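The values are calculated or read from the model by the stated rules, or taken from the named source; none is laboratory data. These figures come from a predicted structure and were not determined experimentally. When we count neighbours, we look across all protein chains shown, and the Cβ atoms used for this are built from the backbone with ideal geometry, even at glycine.
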Amino acid sequence: MFRFLTAGESHGKCLNAIIEGIPSGFNIDKNFIDSELARRQIGYGRGGRMQIETDTAEINSGVRFGVSTGAPICLEIKNRDWENWTVPMSVKPVDMNDLDNRAAIESKEITKLRPGHADFAGAVKYHHQDIRNVLERSSARETAARTAVGAVAKCILKEFGITGFSHVIQIGSIKAQINKDLNMTKSLAELSDLRCADKDAEEKMKTEIDKAKQDGDTLGGTIEIIFENLPVGLGSYVHWDRRLDGKIAQAIMSIQAVKAVEIGIGAQAAGAKGSDTHDEIFYENNKFIRKSNNAGGIEGGMTNGEALVVRASMKAIPTMKKALNSVDLKTKQSYSAHFERSDTCAVAACGVVAEAMTAIVLAEAFLEKFGGDSIEEIRNNFENYRKLTQKL
Ligand code: EPS
C-alpha cells in the first residue's frame, strides 16, 4: 500500500518524507523530482523565501541505479534558510545565559495570534507559549515534501500513460477564460509565471497581486487539476472510504489554505437540472464514449475513463502586513497580529501541490487495483484487466 509521512519544520534543517509501498522496477528520476520542486517555487506574488531556496531532493534509500527496489524511499530536502535559524530552531537545549542566544531566540518568539492561521488552536492544543512551535510545522513549507512524494507517484503513473497538470483559473476577483483544448492549456500554463493559460487574465491577476502587495494584503484563488488516460474503475462504490472522489477531496483539502474542492462541475451541479448535468453515454467504434464531462471523470466514486477534473479553491494567506486585530497569547491584550515574511499570493504553487496530492491518491488507487510487488507483476495485472474489460 502506497503511504507516506513527512517531517520537518519550515526553518529547521530539512524536510523529510518516507514513502512506503512503491513496488520494485520503477524509474525514480531525481532530476524529475527536482523539476517538480522547481515548479512549486515559481509564482508571481511569492515572498522572499523562494529567493533563498533552490529545493532539490536527496534520495536516501529505496532506489538503486535510479530504479525502485521495493524498499521504503526516504527523501530529504534541505532548507537553505536553516543557517539563519540554527539558534532559534536548535534541536539541542540552548544556554539562555548567553545573551546572544537569548536575543536570537526572543527575536523569533511569536505571541500575537494570526487570525486564519493554525496559531490559536495549535497553541491551545499543544500548550505552547511560543506560537513559533505551531507556525514551523503548520507552514506551507511542508508542501515541498509532498511535491517530492507526488513526483514519485507521477513516476509510477506515467509508466501506464497517466499524466496530469494544473492551471490557475482565478486569482482574487479575476477569472480566466477556460480553453477546452487541454494540450494547449497545459503548454500555456507551463509558460506562465502564474500558471494561468489565459494571457489577458494573467496580466489582470498580476495587477491585482501588485495592488494587494502595496496594500499589505494577500490574495487567494482557484486552480484546476486534470489527469488523463485513467483506466475505468479506480476507487469503488461499495464503501464510503473507498470512493475515489472522497479520497481526492480529503487529500486536496489537507493542503494548507485550501477551503473548497470540486470535481467536474462541482457546486454548479446543485443548481442544474439532471438533464443538464449527466454525461450521456454512446457506443461508437467499439467503445463507450461521452461527449461531455460534467462528472469530471468520476461516477459512483470510481474513475469512468474520462479526464479527472478537480478544482481547488485557496483562501488568501493569513500572514499579512495589513495585520488584523488580534490578541497577545501571553498578555491577553489587543494587538495587531504577528507579521513575518510571507507570500502575497501562492495560488500557482498550490496548483503544483494539488497535482502532487492527486497523483498520490491516483497512484495509491492504481496500485490497490493492479497491485503487485514488481512493475512486471503490475503490468500483467493491468494488461489482463484491459483484455477482460475489452470483452464486455
Ligand atoms: C513556503 C515557505 C514559507 C512561506 C510560505 C510557504 O517561508 P517563510 O515563512 O520562511 O517565508 O513563504 O508559507 C506560508 C505562506 C505559510 O502561511 O506558512 C514554501 O516553501 O512554500
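A363 satisfies every condition listed in (1) under 24 Å from the mean Cα position of the chain (by Cα); (2) of a type outside the set (S, T, Y); (3) in a loop (DSSP other than H, G, I, E, B) except (3). Figure legend. Inter-residue proximity from the stretch 217-241: first residues basic (K, R), second residues loosely packed, with under 15 Cβ neighbours inside 10 Å, beta-carbon distance below 7 Å, spacing 6+ or different chains. No pairs are indicated.
If the condition is being touching an Asp or Glu at 6+ places or on another chain (Cβ under 8 Å) and either under 14 Å from R40 (Cβ atoms) or within 16 Å of the ligand (Cβ to nearest atom) (or both), then the stretch 352-375 contributes V352, A356. Output the residues belonging to the stretch 35-90 that are farther than 22 Å from D343 by Cβ and without any contact (Cβ under 8 Å) to a residue 24 or more places away in the chain. E58, N60, S61, R64, F65, A71, T86, V87, S90 - these are the residues of the stretch 35-90 that are farther than 22 Å from D343 by Cβ and without any contact (Cβ under 8 Å) to a residue 24 or more places away in the chain.
One residue alone among I162, I171 is within 16 Å of the ligand (Cβ to nearest atom), more than 28 Å from D81 (Cα to Cα) and of a type in the set (A, V, I, L, M), and that residue is I171.
Of the strands (runs of 3 or more DSSP E) that lie entirely inside the stretch 154-270, those containing 1 or more residues that are within 21 Å of the chain's Cα centre (by Cα) and of a type in the set (S, T, N, Q) span 163-171, 221-228. Looking for something over 30 Å from G305 (Cα atoms), touching a strand residue (DSSP E or B) at 6+ places or on another chain (Cβ under 6 Å) and modelled with pLDDT of 95 or more - is there at least one such residue anywhere in the stretch 148-160? The answer is no, given that none of the residues of the stretch 148-160 is over 30 Å from G305 (Cα atoms), touching a strand residue (DSSP E or B) at 6+ places or on another chain (Cβ under 6 Å) and modelled with pLDDT of 95 or more. With respect to being farther than 21 Å from A251 by Cα and among the hydrophobic types (A, V, I, L, M, F, W, C), A103 fits the description.
For G116, the conditions (1) under 28 Å from F366 (Cα atoms); (2) within 16 Å of the ligand (Cβ to nearest atom) are fulfilled apart from (1).
In the stretch 121-137, the residue that is surrounded by the fewest Cβ atoms within 10 Å (Cβ to Cβ) out of those that are free of Cβ contacts under 8 Å to residues at least 40 places away in the same chain and of a type in the set (V, I, T) is V124. If the condition is being in contact with a helix residue (DSSP H, G or I) (Cβ under 8 Å, 6 or more places away or on another chain), part of a loop (DSSP other than H, G, I, E, B) and near the ligand (Cβ under 9 Å from one of its atoms), then the stretch 44-66 contributes R46, E53, D55.
The residues of the stretch 102-136 that are in contact with an Asp or Glu (Cβ under 9 Å, 6 or more places away or on another chain), aliphatic (A, V, I, L, M) and closer than 22 Å to D217 by Cα, listed by number, are I110, L113, I131, L135. Give the residue, chosen from A148, A144, A140, that is closer than 25 Å to A323 by Cα, buried (at least 17 other Cβ atoms within 10 Å of the Cβ) and touching a residue at least 12 places away in the same chain (Cβ under 8 Å). After applying the criteria, what remains is A140. Being in a helix (DSSP H, G or I) and crowded, with 19+ Cβ neighbours inside 10 Å is a property that I378 has.
Are any of the residues in the stretch 54-66 crowded, with 16+ Cβ neighbours inside 10 Å and on the phi > 0 side of the Ramachandran plot? Yes, the stretch 54-66 contains a residue that is crowded, with 16+ Cβ neighbours inside 10 Å and on the phi > 0 side of the Ramachandran plot.
In the list D100, D34, D81, D95, which residue meets the criterion of being surrounded by fewer than 20 Cβ atoms within 10 Å (Cβ to Cβ), within 11 Å of the ligand (Cβ to nearest atom) and either among the basic types (K, R) or not in a strand (DSSP E or B) (or both)?
Among D100, D34, D81, D95, only D81 is surrounded by fewer than 20 Cβ atoms within 10 Å (Cβ to Cβ), within 11 Å of the ligand (Cβ to nearest atom) and either among the basic types (K, R) or not in a strand (DSSP E or B) (or both).
F288 satisfies every condition listed in (1) within 16 Å of the ligand (Cβ to nearest atom); (2) more than 18 Å from the chain's Cα centre (by Cα); (3) in a strand (DSSP E or B) except (1).
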